[in-house]
Amino acid sequence: MTSRLLLLELKDHLERIVKDYAFPSPDGEPADVRVFLHGLPAEQQEHCFPFVIVRWMNGNVGDSGVHTGQLVDTVGLALGVYAPKDQEQAGLLLADLIDCLRLGLWHDRILANRFELELPLATTIPDARQKWNEYHLATMETRWNYVWPSRGLREMTEKEYAQR
């Protein structure tokens, strides 16, 4: 369950990065950034701002050339902020959150003593012509590599199940 472990570790890590990092919220009060797996909660979605969503995107297993398999998983992060004033505020709030996440991810780029963050760490903001309102989004693509030990997948799987 390597991809599952990566998602859970990354969610926990992001929660530590954004802890006590307040942004404006739709109710008018500053709010800490919340981290969710795979989507916003069904109830009260507009009150989830500011947020980061962690979502597995794709992965593959290749040959690292040393009789082991190298796993690479891409995990997308969706960032959402609420900017009640104007587009300038929205851009600056997103830039703050992006910088906070990039610095925190790069600083601690090894998760669970096995997953290593790869460069580039790509970030995009949707074209402003398509998103002119008080809610603003950005996406970040993270790639993580991990080499399966030569002792074999069966042994590794048994070890991971025993750790739960």
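The values are calculated or read from the model by the stated rules, or taken from the named source; none is laboratory data. What you see is a predicted model, and the numbers here were worked out from it, not measured in a lab. Reconstructed Cβ throughout: ideal geometry from the backbone, glycine too, with neighbour counts over all protein chains shown. For accessibility, only protein heavy atoms count, side chains too; no ligands or nucleic acids. Shrake-Rupley method; radii C 1.70, N 1.55, O 1.52, S 1.80 Å.
Rounded to the nearest 0.05, what FRET efficiency do Lys85 and Lys19 have when you use their Cβ-Cβ distance and R0 = 30 Å?
Details: r = 25 Å, r/R0 = 0.84.
That pair, Lys85 with Lys19, gives E of 0.75.
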| Given the Cα-Cα distance of Arg102 and Ile125 and 0.36 nm per residue of separation, how much length would full extension add, in nm? | 6.8 nm
| Accessible-area ranking of Lys11, Lys19, Lys85, largest first, probe 1.4 Å | Lys85, Lys19, Lys11
| remark: Accessible-area order for His47, His13, largest to smallest, probe 1.4 angstrom, reads His47, His13
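Starting from the Cα-Cα distance between Asn60 and Leu92, subtract it from 0.36 nm times their residue separation and give me the gain in nm to one decimal.
Here the segment from Asn60 to Leu92 would lengthen by 8.0 nm.
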| query | In nm, what is the difference between 0.36 nm times the number of residues separating Ala42 and Leu8 and their Cα-Cα distance? | reply | 10.2 nm
